[in-house]
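The values are calculated or read from the model by the stated rules, or taken from the named source; none is laboratory data. Here the structure is a predicted model, which is why all the values come from computation and not from measurement. Positions of Cβ are backbone-derived with ideal geometry, glycine not excepted, and every protein chain shown enters the neighbour counts.
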């Protein structure tokens, strides 16, 4: 399923709506925000986890409090957090970013106690996968899509055992065909996307369809506009990601 997209609707969030609709979150843009519908509840703790796309240059001083601008980085996690904190200042949300550049799933697992379980998030958002294939392609990692799937399943099983009430948001790994991303990434990368969707269906409460969203976005602006190297989003790409994340979580 796809939605018609023109420049006017695109800049009103049409690419986000199209991506969500194509992934089954139909009408998420129009659905009114309500506490019963959204994963975000008053007083909740929200944790963004992942690699450099989530990290986005954040200050990694562990003493920084929740909602600290430097600690949230300069990417989609910061923009999504800023939206939530501005839209509902009375909700007393506590938002953390613990993304670390270069991480693969097994490296999340190595730091999971301190960087996830000890924070006791009510909502846990994970975007991981691009390094699992990128580092394999450049000879720095021998993991496969099966390694990715197995490690991811084990990580979420561990999380649910420790935090049985946590709501999980699985973000779709994505790349755009520009910069570092060449034809040699495919079709392997599609296997990582499919594995992440499988994991979301089994463990996650929300799926954020980033690849589908960017596939719509490149119809109106070239890939480099959204991610110069094909992996790390520009300001425009990060803004689209934050918009999609908030829309998907509020439609849960």
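Filtering the stretch 131-148 to residues that are closer than 22 Å to residue 55 by Cα, touching a helix residue (DSSP H, G or I) at 6+ places or on another chain (Cβ under 7 Å) and buried (at least 19 other Cβ atoms within 10 Å of the Cβ) leaves 132, 133, 148.
Quick one: how many residues across the stretch 149-189 are at pLDDT 95 or above and either closer than 10 Å to residue 132 by Cβ or part of a helix (DSSP H, G or I) (or both)? Of the residues in that region, 15 qualify. Does residue 64 count as assigned to a loop (DSSP other than H, G, I, E, B), touching a helix residue (DSSP H, G or I) at 6+ places or on another chain (Cβ under 7 Å), surrounded by 14 or more Cβ atoms within 10 Å (Cβ to Cβ) and touching a residue at least 60 places away in the same chain (Cβ under 8 Å)? It is false that residue 64 is assigned to a loop (DSSP other than H, G, I, E, B), touching a helix residue (DSSP H, G or I) at 6+ places or on another chain (Cβ under 7 Å), surrounded by 14 or more Cβ atoms within 10 Å (Cβ to Cβ) and touching a residue at least 60 places away in the same chain (Cβ under 8 Å).
The residue pairs whose first member lies in the stretch 36-58 and is without any contact (Cβ under 8 Å) to a residue 24 or more places away in the chain and on the phi > 0 side of the Ramachandran plot, whose second member is surrounded by 22 or more Cβ atoms within 10 Å (Cβ to Cβ) and part of a loop (DSSP other than H, G, I, E, B), and whose beta carbons are closer than 7 Å, counting only pairs six or more residues apart or on different chains, are 57/73.
Residues in the stretch 116-130 that are touching a strand residue (DSSP E or B) at 6+ places or on another chain (Cβ under 7 Å) and not in a strand (DSSP E or B) were compared, and the one that is surrounded by the most Cβ atoms within 10 Å (Cβ to Cβ) is 128. With respect to residue 77, determine if the residue is more than 16 Å from the chain's Cα centre (by Cα), surrounded by 19 or more Cβ atoms within 10 Å (Cβ to Cβ), part of a helix (DSSP H, G or I) and at pLDDT 95 or above. No; evaluated as a whole, the condition is false for this residue. Would you be able to say whether some residue in the stretch 18-39 is outside any helix (DSSP H, G or I), touching a helix residue (DSSP H, G or I) at 6+ places or on another chain (Cβ under 7 Å), at pLDDT 60 or above and within 15 Å of residue 241 (Cβ to Cβ)? No, every residue in the stretch 18-39 fails to be outside any helix (DSSP H, G or I), touching a helix residue (DSSP H, G or I) at 6+ places or on another chain (Cβ under 7 Å), at pLDDT 60 or above and within 15 Å of residue 241 (Cβ to Cβ).
Taken over the stretch 108-146, the criterion of being without any contact (Cβ under 8 Å) to a residue 40 or more places away in the chain and over 20 Å from residue 174 (Cβ atoms) is satisfied by 110, 111, 113, 114, 118, 139, 140, 142, 146.
Residue count for the stretch 201-224 under the criterion of being touching a residue at least 24 places away in the same chain (Cβ under 8 Å) and not in a helix (DSSP H, G or I): the result is 10.
Against the criterion of being closer than 30 Å to residue 140 by Cβ, assigned to a helix (DSSP H, G or I) and either modelled with pLDDT of 95 or more or in contact with a helix residue (DSSP H, G or I) (Cβ under 8 Å, 6 or more places away or on another chain) (or both), residue 82 does not qualify.
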